[in-house]
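The values are calculated or read from the model by the stated rules, or taken from the named source; none is laboratory data. Fair warning: this is a prediction, and the values are worked out from it, not measured in the lab. Cβ coordinates were reconstructed from backbone atoms using ideal geometry, including for glycine residues, and neighbour counts include every protein chain displayed. For the accessible areas, the whole protein counts, side chains as well, though only heavy atoms, and no ligand, DNA or RNA atoms are used. Shrake-Rupley method; radii C 1.70, N 1.55, O 1.52, S 1.80 Å.
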Amino acid sequence: RRVPMRSLAASVARPHARPRVARRGARALPERPAASASPAPSPPENTNTMLVLGLTGGIGMGKSFVTDALRALDVPVLDSDASVHALYAPGGGAVAAVRGAFGDEVIGPDGGVDRAALSKKVLGDTETHTKNMKTLESLVHPLVDSKRDAFLKQANLDKHAFVVLDIPLLFEKKYEKTVDGVLVVSAGEEKQRERALQREGMTETKLKNIVARQTPDAEKIAKADVVIDTACSKEETLKQVEGLVMSIRAGQGGFRAKTFVLNEAEA
């Protein structure tokens, strides 16, 4: 079954129990979700199964550090934003379709999609903006789906126990029920503000506007299956990530693979 990526790229059927959120700065791992009381059903005959987990977190929460740590542990991670950016780049698969729908004015001097110009067409409160966004999604989603499907099939062929889909707006786009579990990266509001304001061009006003458009951190944590605390040291965060990866690979993560089922004939 297909896992829709974000609205321009995105993607949890959650286990029945949620973990206790780790105390800020604590060395211990966030408590991992308990396995469901009922035994997981056996996979269908002649199929491969693989866990598909969604990873999300607000600006400045340390999500990039966590995805780098996962990749270093040989966990395949698909960056939904990067997938879209590649499609918009010069020679990318979406350039011709976007040009056809919105004209040369959304194409930059390098031949790729000018995202700032495109944003003016699709982001806004008017009916025209809404219509344009639907048009854009109809063009881009099939291309993003294709990239995601190829990523999942390759990871399955490589015998990975699980993969991670990095989805910045997972909850905002309501895709939390389309993967097998949700990992939320959180550092708390103070640390978030401190980190975000160190970014070039970031201001208090810009940050406030960005945070206002994102699901509140407390709500993300409440919906998470696992919370990775990044308010602590990098070493302590790495221990959390390593422990999580080890538990999942040992079959003790409390997740059940339902999202990705590939018939052997399709492999």
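Residues in the range 63-76 that are open to solvent by 20 Å² or more (accessible area, probe 1.4 Å) and touching a strand residue (DSSP E or B) at 6+ places or on another chain (Cβ under 6 Å): Lys63, Arg71, Pro76. Condition test on Val113, is it under 30 Å from Asp229 (Cα atoms) and open to solvent by less than 40 Å² (accessible area, probe 1.4 Å)? No; evaluated as a whole, the condition is false for this residue. Being modelled with pLDDT of 90 or more, part of a loop (DSSP other than H, G, I, E, B) and among the hydrophobic types (A, V, I, L, M, F, W, C) holds for only one residue in Leu170, Leu143, Leu183, and it is Leu170.
Applying a threshold of 6 Å to beta carbon distances and a minimum spacing of six or more residues, or different chains, the list of pairs starting in the range 240-258 at a residue that is assigned to a loop (DSSP other than H, G, I, E, B) and ending at one that is of a type in the set (Val, Ile, Thr) reads Ala257/Thr49. The residues listed here are Thr215, Thr203; of these, the one that is hydroxyl-bearing (Ser, Thr, Tyr) and more than 20 Å from the chain's Cα centre (by Cα) is Thr203.
Checking Gln192 against (1) open to solvent by 60 Å² or more (accessible area, probe 1.4 Å); (2) part of a helix (DSSP H, G or I); (3) of a type outside the set (Ser, Thr, Tyr); (4) farther than 16 Å from Val52 by Cβ: exactly one of these is not met. Which one? With (1) open to solvent by 60 Å² or more (accessible area, probe 1.4 Å); (2) part of a helix (DSSP H, G or I); (3) of a type outside the set (Ser, Thr, Tyr); (4) farther than 16 Å from Val52 by Cβ applied to Gln192, the lone miss is (1). Of all residues in the range 211-257, those that are open to solvent by less than 30 Å² (accessible area, probe 1.4 Å), of a type in the set (S, T, N, Q) and under 22 Å from Arg71 (Cβ atoms) total 4. Here Ser233 qualifies as small (Gly, Ala, Ser) and more than 25 Å from Asp158 (Cα to Cα). Candidates in the range 122-134 are the residues that are in a helix (DSSP H, G or I) and open to solvent by 50 Å² or more (accessible area, probe 1.4 Å); of these, the one that is farthest from Ala89 (Cα to Cα) is Glu127.
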